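Below: one structure, written as structure tokens.
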Amino acid sequence: MIIIGLLTIIEHLFNLNFGLDQILFIEPYGATNTFSPNRISFITAIELVITSIALLILDKKVNKHVPTQYLMILVGILALMVLLGYLYNAPEFYQIYNYNAASIYGGVSFMLIFLAVLAARPERGFMMVLTSGEYGSVFGLRILLALAIISVFLGWLRIVGQNLGYYSAAFGTTLYTISILIILSILVWNSILSLNKTDRERKGANEELRKNLEELEISNRELKSFAFITSHDLQEPLRTIASYAQLIERRYKGQLDPDADEFLEYMVSGAKRMKSMIQGLLDYSQVEAKGNEFKVINSEKALDTALCNLQHSIDHCHAEITYDNLPLILADECQIVRVFQNLIGNALKFRKKDEAPKIHISAKKDGNEWIFSVKDNGIGIDDQYFDMIFEVFKRLHAIGEYSGAGIGLAIVKRIIDRHGGHIWVESSPGKGSKFYFTIPIKL
Ligand code: ADP
């Protein structure tokens, strides 16, 4: 296409004839004797070359701009020139100098090609502005379309009337200008009203959203203080129950009947469990309020502290713990120690009965965050519980099977949320678990 177009332009400009135009259609006998029968017109040849280049670089992008679209605008303008030239009977627009005139079919075809190429990549370059579906795009598109149809139609009407002698050129132009102005004003006016209405609705919705957010914040604050106050205040009567139950157990064990001894045992262990649950709830409600300021800390040091705190359990189950170099991060050191301690503590607790725990901690950079992982060779978790285990008081085992209140991971999740990261687990039963958490890089 590009070669045919270029050769035709050269033919036109240098008055040559390569016989190109006779390849498909031989000039019939008796046809007008011209130097260039069947030749593609000058304008069409230019359109052909531009369209070919535009299609060759269809997906090229230069700083968010798509050159093809600008080339096709040129083609569209040339096609419009040809079409309007025919419609308004102005040959200067479809016949440049005395080269072959462009045909009306060529004009129509290139107008369609122009639209088709632009429509082929609606989500790119400036087409995105028109197709975004946002209010501005919808109104802009509507006005553009109306403007095109009205101005072409009124222009045609103006010329027809003038040619038929109904009015002078000056009268026709004045009428044309006034009509266009009136119609455009009505269109723009409608758009203004519509946009204003949308704007008012948006402002109303924003106001409602702001109010809802405020209410949500208040109820959130109340909920936090409720969780704090109840767990804090519940501790006192519970402590009394627990200590007196323990006192009775110590003083009267063996003196009462065997049933009473058993009931006392249940009471003491229930009180202990409740104490640890309430303490967990208290910790959970204070993750934000009691959190320290974020500082640049060495996460490897935080891990060392956590391992130190867990030393007894590590020795007890002969765990093998390894870790890679860990990075500097912006975080609350105490809370990161707590995260490691909980995750490693769980890895030790949920170990296989017949295998010493092997735990590995590592970190890798991914975009603008660090992904930490704690991998174990323990009992593993079924994938249906992957989300549930991060909820408050959700445990997967019967009481007494494994110790714990079921709030450790909920606290860990809250801490990671506070740091702007997220946490998840990969695991399968019997094959160990790998807990991941991320910390954004903000150093
Ligand atoms: P807790 O350890 O007190 O029960 P958590 O919130 O720390 O509570 O954990 C919730 C549940 O998730 C645990 O009861 C356990 O069933 C499961 N879980 C957590 N960590 C692991 C792990 N490393 N391996 C297997 N199961 C785990």
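The values are calculated or read from the model by the stated rules, or taken from the named source; none is laboratory data. All figures in this text were calculated on a predicted structure; none of them were measured in a lab. We place every Cβ from the backbone using ideal geometry, glycine too, and count neighbours over all the protein chains shown. These area figures cover heavy atoms from the full protein model, side chains too; ligands, DNA and RNA do not enter into them. Shrake-Rupley method; radii C 1.70, N 1.55, O 1.52, S 1.80 Å.
From the list Ala31, Ala45, the lone residue that is open to solvent by less than 50 Å² (accessible area, probe 1.4 Å) and modelled with pLDDT of 80 or more is Ala45.
All of Ala205, Ala146, Ala119, Ala170 fail the test of being at pLDDT below 90 and either assigned by TED's automatic domain parsing to the domain that holds Ser52 or under 36 Å from the mean Cα position of the chain (by Cα) (or both), apart from Ala146. For Leu184, state whether it is in a helix (DSSP H, G or I) and under 30 Å from Ile77 (Cα atoms). Criteria met by Leu184. Just to be sure before I move on: is Gly140 under 29 Å from Ile186 (Cα atoms), surrounded by fewer than 14 Cβ atoms within 10 Å (Cβ to Cβ) and out of contact with any Asp or Glu (no Cβ under 9 Å at 6 or more places or on another chain) in the structure I sent? Here the answer is no, as Gly140 does not meet what is asked.
Would you mind stating whether Gly404 is at pLDDT 95 or above, small (Gly, Ala, Ser) and open to solvent by less than 50 Å² (accessible area, probe 1.4 Å)? No, not satisfied.
Only one of the numbered conditions (1) open to solvent by 40 Å² or more (accessible area, probe 1.4 Å); (2) touching a residue at least 12 places away in the same chain (Cβ under 8 Å); (3) assigned to a helix (DSSP H, G or I) is not met by Gly107, and that is (1). One residue stands out in the range 344-380 among those that are among the hydrophobic types (A, V, I, L, M, F, W, C) and open to solvent by 20 Å² or more (accessible area, probe 1.4 Å): the one that is farthest from the ligand (Cβ to nearest atom), namely Trp370. Quick one: count up the residues across the range 248-279 that are crowded, with 16+ Cβ neighbours inside 10 Å and either in a loop (DSSP other than H, G, I, E, B) or modelled with pLDDT of 90 or more (or both). Adding up the residues that qualify gives 0.
Restricted to the range 284-304, and to residues there that are in contact with a Phe, Trp or Tyr (Cβ under 8 Å, 6 or more places away or on another chain) and not hydrophobic (A, V, I, L, M, F, W, C), the residue that is farthest from Leu326 (Cα to Cα) is Ser285. In the range 381-408, the qualifying residues are those that are in contact (Cβ under 8 Å) with a residue 12 or more places away in the chain and closer than 13 Å to Val425 by Cα, and the one that is farthest from the ligand (Cβ to nearest atom) is Asp383. Residues in the range 418-443 that are near the ligand (Cβ under 10 Å from one of its atoms) and open to solvent by 50 Å² or more (accessible area, probe 1.4 Å): Pro429, Lys434.
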